[in-house]
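The block underneath contains the structure these notes are about, expressed in structure tokens.
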Amino acid sequence: MADEWQPKIIGIICNWCSYAGADLAGSARTQYPPDIRIVRVMCTGRVDTLFILKAFTDGADGVLVSGCHFGDCHYLEGNYKGAKRLFLLKSLLKNIGLEDKRLRMTFVSASEGAKWAKVVEDVVKTVKEAGPSPIANR
Amino acid sequence: MAETKKTKKETAAKKEVKKQAAPVKIKEKQQPRIGVFACHCGTNIAGSIDIEALQAAAAKIPNVAYVDNYQYMCSTPGQKKIEDAIKEHNLTGIVVAACSPRLHEPTFRTATKEGGLNPFRFEMANIREQNAWVHMHDHEGATEKAIDAVRIAVAKAALLEDLIPKKVPVEKAAMVVGAGIAGMQAALDLANAGIKTYLIEKEPSIGGRMSQLDKTFPTLDCSQCILTPKMVDVGRNENIDLMTYSEVDAVEGYIGNFDVTIRKKARGVLTPKEAEGRGLVGGGCNGCGDCEAVCPVIKPNLFEVNMKPRKAIYINHPQVVPLIYTIDFDSCVKCGLCVTACGDKKAIDLEMEDELIKVKVGTAILATGYDLFPIEKKDEWGYNKYENVVTSLEFERLICASGPTGGHLVRPSDGVTPKKVAFLLCSGSRDNTGVGKPYCSRFCCMYSIKHAHQIIEKIPGVKPYLFYMDIRAFGKAYEEFYYRIQDEGARFIRGRVANILEDPVTKNLTVMADDTLLDRPMKLDVDMVVLATAVQPTTGVDTVRKMFGVSNSMDGWMLEAHPKLNPCGTTTAGVYLAGVCQGPKDIPDTVAQAEGAASAASIPIHMGAVELEPYFAMCIEEKCAGCGMCVNLCPYSALALVEKDGRKVMQVTEAKCKGCGTCGGFCPGGAIWMQHFATPQIVAQIDAFLLGGEQ
Ligand SMILES: Cc1cc2nc3c(=O)[nH]c(=O)nc-3n(C[C@H](O)[C@H](O)[C@H](O)COP(=O)(O)OP(=O)(O)OC[C@H]3O[C@@H](n4cnc5c(N)ncnc54)[C@H](O)[C@@H]3O)c2cc1C
Ligand code: FES
């Protein structure tokens with residue numbers, strides 16, 4: 001078990017929906033794999049492409065950005081702006097030698113604890129399948 | 001499996017005794033000096049995470065100057081540990097690894113402040129909700145994750161700055177949206193507490209669903225009798241500005257200072273006050289009804305669930321508040337007969353247009369109630385197909401003395417009094433078939449029992465049959481009411497109705513069900529079926545919900561800030577919920593929540609000022625190229641380009657900025673400093689996890 005490869009996955013998630021949803025998964029004791037580390041921001045609109053590129057150059061094997069559903073952003077439209085940027089970045093990832101599935105954006109509301117658990121499960125699975133990041137110098 | 005679990009638990013329990021290890025001291029270091037405190041939360045955290053290992057690892061994280069742990073960090077002794085350590089060890093920042101910041105960030109910020117630091121020099125590592133509770137069977141994985149969470153938090157804490165929350169005055173006025181019993185009660189409480197209250201109702205008159213009911217369980221008070229005095233109070237109260245036939249058009253601002261635009265829909269009829277405003281002293285609508293008498297247009301009356309006609313100019317029922325007629329311009333042919341009938345009162349203006357009114361309020365309560373689930377979707381029960389299948393709301397109108405039949409329950413097909421009536425409880429509720437609602441609508445059991453009583457009282461020899469799954473008689477005096485109606489002769493059959501058949505000639509109905517107590521299928525011929533229909537959020541309410549920044553639950557109802565500890569609040573400061581819009585509840589619970597919401601909404605107003613989290617954006621002018629891209633990104637128009645020293649730079653209006661950081665996420669030059677979520681802080685968090693490092 002100990003020598004199984006552990007992916008490094010970072011989740012940048014918004015305070016109002018996905019963070020609250022993740023808390024709800026906790027209160028409901030919904031179990032999911034621990035291979036993700038969370039950075040909380042107020043809104044996915046805050047997510048600078050720099051953060052994601054930094055994460056990948058630092059050696060992240062996967063990055064998850066998760067926020068409110070469209071139309072439900074606490075700041076009206078931050079998630080639209082954030083999503084637009086991310087989708088653009090996703091299309092550019094190939095150019096630096098990364099599969100675009102390593103970057104994922106999801107929408108998990110404050111009441112979707114079970115969905116959060118599924119999302120993490122899925123992200124961990126996808127990244128594990130993809131293997132270590134080709135650009136990580138480890 | 002069970003055994004391994006037990007041993008794990010045992011070892012965890014043993015560890016716990018050990019875990020109260022002595023605090024680790026680390027050699028004196030230059031700035032920053034972060035104190036890390038790990039919480040056991042009893043066994044909530046310590047049951048999954050090895051606190052000792054966490055503490056040892058934390059001690060090695062760069063900039064950590066002190067590490068400690070405690071059973072319950074949020075307790076008084078726990079907080080005292082933080083306060084003392086700040087002073088004793090000259091700390092510059094605090095990290096508590098415990099529950100969610102959404103729960104205890106305020107607690108630990110206060111402790112940080114008590115210790116002499118700026119409260120914003122605090123960062124929380126969530127190792128309970130997002131760790132111990134979700135990785136209960138992977139202690140190693142959980143502990144590793146906790147160590148990283150602390151690493152990430154320390155990295156941020158090392159870069160946190162002193163921030164001063166902005167104090168803003170609170171407008172001494174409130175708004176209540178929706179004037180059902182919830183909204184009316186909330187508005188009355190606020191108004192009686194001396195607060196100017198705008199009560200916004202989309203319908204021409206107030207009262208909501210309760211005004212459509214005949215009697216109310218379990219006391220059997222006549223609904224109108226207990227409601228009308230309240231409606232009159234609302235209409236009269238000097239502090240309530242009642243705006244009927246109005247809707248919220250736009251909301252801007254934040255707690256203490258919401259700028260709300262209200263669309264007053266053109267009702268085509270002037271109130272006496274409005275008439276006076278137009279110089280027609282003594283004019284305006286007095287509710288005489290002369291206009292209605294001459295109106296040639298006939299439409300179905302929605303208040304009577306389409307079982308009675310109304311004119312294009314109408315009032316819903318005789319007791320309406322306000323007693324002002326309304327023209328339904330969608331069906332009005334503008335023949336002008338009403339204008340003539342109205343005469344000198346000159347109350348009718350066929351050319352009236354919608355009016356936009358702006359008001360400023362400090363807090364707001366949403367009380368938008370519910371609609372019935374469109375039960376025709378449940379094809380098997382034949383609503384809209386069989387004439388004698390009605391909804392519970394139709395039943396209320398049919399049994400009500402002021403209803404379309406004067407309170408005589410009759411079959412819609414032939415006007416004959418039914419002798420055998422089946423009531424289908426949970427019609428569309430507790431339904432996981434995909435067509436229907438998974439939740440319990442909470443008042444259907446009780447009102448169906450009430451309905452059974454009402455027909456027994458009115459129709460000699462009638463036989464009510466109630467098909468149920470479980471009877472939920474949970475409230476005060478409800479169980480007693482249930483027994484009483486059983487004694488009165490109502491028959492209760494435990495089983496869901498599979499389908500209903502109709503005799504095409506007599507229009508009589510055959511109910512096919514499974515009697516699960518006798519464990520046999522059954523067939524019952526009845527004259528009429530009443531569907532105790534599920535409820536769902538009022539149609540179109542998402543627009544107003546989103547305008548106020550309120551989230552919704554999985555099932556569509558508005559989401560409270562905390563299901564137990566903050567059932568009236570929302571995630572938007574200054575916005576509260578009352579009544580069924582938050583989830584199905586009967587009148588007693590609705591009124592209780594409305595009073596709670598009114599009390600909560602009055603607190604900021606009575607305080608006079610509130611503190612806003614100082615998370616706003618700032619421009620680093622040396623870096624700003626004046627491109628102006630951020631200006632267009634801001635959803636609140638908080639940013640503008642200004643001339644400074646001969647060049648353009650961005651400027652933030654702090655009062656308008658809500659701190660989402662959308663501008664900061666985009667600025668190509670990195671010229672926007674998002675306080676408390678600044679780029680170097682977030683990058684440090686990412687680096688801390690991925691690059692690690694030891695001191
Ligand atoms: C058939 C039936 C029988 C019942 N019998 C009983 C009983 O005997 N005893 C009991 O305790 N409970 C009973 N109930 C439950 C009771 O109806 C509710 O508890 C109560 O009406 C809830 O009040 P409310 O103010 O939350 O919602 P509502 O009564 O729905 O009021 C909401 C108001 O908000 C307005 N509104 C909606 N959207 C907007 C908007 N966007 N802008 C402005 N205004 C808006 C609506 O027009 C309405 O006036 C019964 C319910 C049904 C269906
Ligand atoms: S607040 Fe959640 S995405 Fe904007």
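The values are calculated or read from the model by the stated rules, or taken from the named source; none is laboratory data. Note that this is a predicted model, so its numbers are computed, not measured. As a convention, Cβ positions derive from the backbone with ideal geometry for all residues, glycine included, and neighbour counts pool all protein chains shown. Areas reflect the complete protein model, heavy atoms only, side chains present, ligands, DNA and RNA absent. Shrake-Rupley method; radii C 1.70, N 1.55, O 1.52, S 1.80 Å.
Among the residues of the stretch B:570-601, which ones are within 13 Å of chain A (Cβ to nearest Cβ) and within 18 Å of B:Leu612 (Cβ to Cβ)? Please lay out each step first, then the result.
In the first step, residues of the stretch B:570-601 are kept if they are within 13 Å of chain A (Cβ to nearest Cβ); the result is B:570-573, B:575, B:582-583.
If the condition is that a residue be within 13 Å of chain A (Cβ to nearest Cβ) and within 18 Å of B:Leu612 (Cβ to Cβ), then B:Thr570, B:Thr571, B:Thr572, B:Ala573, B:Val575 are the ones that fit.
Please indicate, with yes or no, whether at least one residue in the stretch A:106-120 is in contact with a Pro (Cβ under 7 Å, 6 or more places away or on another chain) and either within 11 Å of another protein chain (Cβ to nearest Cβ) or free of Cβ contacts under 8 Å to residues at least 24 places away in the same chain (or both).
For the stretch A:106-120, residues in contact with a Pro (Cβ under 7 Å, 6 or more places away or on another chain) and either within 11 Å of another protein chain (Cβ to nearest Cβ) or free of Cβ contacts under 8 Å to residues at least 24 places away in the same chain (or both): present.
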Being more than 8 Å from ligand 2 (Cβ to nearest atom) and in contact with a strand residue (DSSP E or B) (Cβ under 8 Å, 6 or more places away or on another chain) is the filter here; which residues of the stretch A:60-86 pass it?
A:Ala60, A:Asp61, A:Gly62, A:Val63, A:Leu64, A:Val65, A:Ser66, A:His69, A:Phe70, A:Tyr80, A:Ala83, A:Leu86
Considering the stretch B:358-392, residues that are open to solvent by 40 Å² or more (accessible area, probe 1.4 Å) and under 27 Å from B:Val269 (Cα atoms), and then whichever is nearest to ligand 2 (Cβ to nearest atom), we arrive at B:Lys360
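Quick check on the stretch B:672-695: of everything there that is part of a helix (DSSP H, G or I) and more than 7 Å from chain A (Cβ to nearest Cβ), which residue is surrounded by the fewest Cβ atoms within 10 Å (Cβ to Cβ)?
Our first condition is that a residue be part of a helix (DSSP H, G or I); within the stretch B:672-695, this holds for B:679-691.
Then drop every residue that is not more than 7 Å from chain A (Cβ to nearest Cβ), which leaves B:680-681, B:684, B:688.
Values: B:Pro680: 11, B:Gln681: 21, B:Ala684: 18, B:Ala688: 24.
My answer is B:Pro680.
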Residue check, B:Trp133 against (1) hydrophobic (A, V, I, L, M, F, W, C); (2) buried (at least 20 other Cβ atoms within 10 Å of the Cβ); (3) more than 14 Å from chain A (Cβ to nearest Cβ), all met but one. Which one?
(3)
Considering residues that are buried (at least 23 other Cβ atoms within 10 Å of the Cβ) and more than 14 Å from chain A (Cβ to nearest Cβ), the number found within the stretch B:98-114 is 3
Would you check if B:Leu639 is away from ligand 1 (no atom under 16 Å from the Cβ) and touching a Pro at 6+ places or on another chain (Cβ under 9 Å)?
no
Please work out if A:Ile13 is within 16 Å of the chain's Cα centre (by Cα) and within 16 Å of ligand 2 (Cβ to nearest atom).
yes
Specify the residue that is farthest from ligand 1 (Cβ to nearest atom); the eligible residues are those in the stretch A:20-55 that are in contact with a strand residue (DSSP E or B) (Cβ under 7 Å, 6 or more places away or on another chain) and more than 7 Å from chain B (Cβ to nearest Cβ).
A:Asp35
Only one of B:Ala174, B:Ala179, B:Ala157 that is in contact (Cβ under 8 Å) with a residue 24 or more places away in the chain, closer than 20 Å to B:Val232 by Cβ and open to solvent by less than 10 Å² (accessible area, probe 1.4 Å)
B:Ala179
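Considering each of B:Leu220, B:Leu280 in turn, give the residue that is open to solvent by 40 Å² or more (accessible area, probe 1.4 Å) and of a type in the set (A, V, I, L, M). It would help to see each step written out before you state the result.
Details: B:Leu220 fails: open to solvent by 40 Å² or more (accessible area, probe 1.4 Å).
It is B:Leu280.
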Can you pull out the strands (runs of 3 or more DSSP E) entirely within the stretch B:309-392 that have at least 1 residues that are of a type in the set (Lys, Arg) and in contact (Cβ under 8 Å) with a residue 40 or more places away in the chain?
B:355-361
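Please find, within the stretch B:654-666, the residue that is nearest to ligand 1 (Cβ to nearest atom) out of those that are at negative phi and within 8 Å of chain A (Cβ to nearest Cβ). Please lay out each step first, then the result.
Applying the first criterion (at negative phi) to the stretch B:654-666 yields B:654-658, B:660, B:662-666.
Adding the requirement that they be within 8 Å of chain A (Cβ to nearest Cβ) leaves B:658, B:660, B:662, B:664-666.
Details: B:Lys658: 23, B:Cys660: 25, B:Thr662: 28, B:Gly664: 34, B:Gly665: 32, B:Phe666: 34 Å.
This residue is B:Lys658.
Does B:Ser413 satisfy the condition of being open to solvent by less than 40 Å² (accessible area, probe 1.4 Å) and over 30 Å from B:Lys585 (Cβ atoms)? Break it down into steps so the answer makes sense when it comes.
On the way: open to solvent by less than 40 Å² (accessible area, probe 1.4 Å): yes; over 30 Å from B:Lys585 (Cβ atoms): yes.
Against the criterion (open to solvent by less than 40 Å² (accessible area, probe 1.4 Å) and over 30 Å from B:Lys585 (Cβ atoms)), B:Ser413 qualifies.
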Among (1) free of Cβ contacts under 8 Å to residues at least 40 places away in the same chain; (2) open to solvent by 10 Å² or more (accessible area, probe 1.4 Å), the one test that B:Lys507 misses:
(1)
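Sort through B:Ala173, B:Ala153, B:Ala157 and tell me the only one that's away from ligand 1 (no atom under 16 Å from the Cβ), within 14 Å of chain A (Cβ to nearest Cβ) and touching a Gly at 6+ places or on another chain (Cβ under 7 Å). Show your work before the answer.
Values: B:Ala173 fails: within 14 Å of chain A (Cβ to nearest Cβ); B:Ala153 fails: touching a Gly at 6+ places or on another chain (Cβ under 7 Å).
Answer to the selection: B:Ala157.
Just a yes or no: is a residue in the stretch B:200-207 part of a loop (DSSP other than H, G, I, E, B), away from ligand 2 (no atom under 16 Å from the Cβ) and among the aliphatic types (A, V, I, L, M)?
Quick first cut of the stretch B:200-207, residues part of a loop (DSSP other than H, G, I, E, B) only: B:201-207.
This time we only want the ones that are away from ligand 2 (no atom under 16 Å from the Cβ), so: B:201-207.
Imposing the further condition that a residue be among the aliphatic types (A, V, I, L, M) reduces the set to B:206.
Yes; the residues of the stretch B:200-207 include at least one that is part of a loop (DSSP other than H, G, I, E, B), away from ligand 2 (no atom under 16 Å from the Cβ) and among the aliphatic types (A, V, I, L, M).
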If I filter the stretch B:559-599 down to residues being more than 13 Å from the chain's Cα centre (by Cα) and crowded, with 22+ Cβ neighbours inside 10 Å, which single residue comes out as nearest to ligand 2 (Cβ to nearest atom)?
B:Ala598
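Looking only at the stretch B:570-582, how many residues end up being assigned to a loop (DSSP other than H, G, I, E, B) and out of contact with any strand residue (DSSP E or B) (no Cβ under 8 Å at 6 or more places or on another chain)?
So the answer is 2.
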Spot the failing condition for A:Leu76; the list is (1) on the phi < 0 side of the Ramachandran plot; (2) free of Cβ contacts under 8 Å to residues at least 24 places away in the same chain, and only one is missed.
(1)
Selection count, the stretch B:516-548, where residues are within 13 Å of another protein chain (Cβ to nearest Cβ), more than 10 Å from ligand 1 (Cβ to nearest atom) and free of Cβ contacts under 8 Å to residues at least 40 places away in the same chain:
1
Every residue from the stretch B:115-130 that is touching a residue at least 60 places away in the same chain (Cβ under 8 Å) and facing chain A (nearest Cβ under 8 Å)
B:Arg128
The correct count of residues that are out of contact with any strand residue (DSSP E or B) (no Cβ under 7 Å at 6 or more places or on another chain) and within 14 Å of B:Pro322 (Cα to Cα) in the stretch B:228-248 is 9
A careful count of residues in the stretch B:521-540 that are open to solvent by 20 Å² or more (accessible area, probe 1.4 Å), in contact with a strand residue (DSSP E or B) (Cβ under 8 Å, 6 or more places away or on another chain) and not in a strand (DSSP E or B) gives 2
Criterion first (more than 16 Å from ligand 2 (Cβ to nearest atom) and either in contact (Cβ under 8 Å) with a residue 24 or more places away in the chain or buried (at least 21 other Cβ atoms within 10 Å of the Cβ) (or both)) does A:Ile52 satisfy it?
no
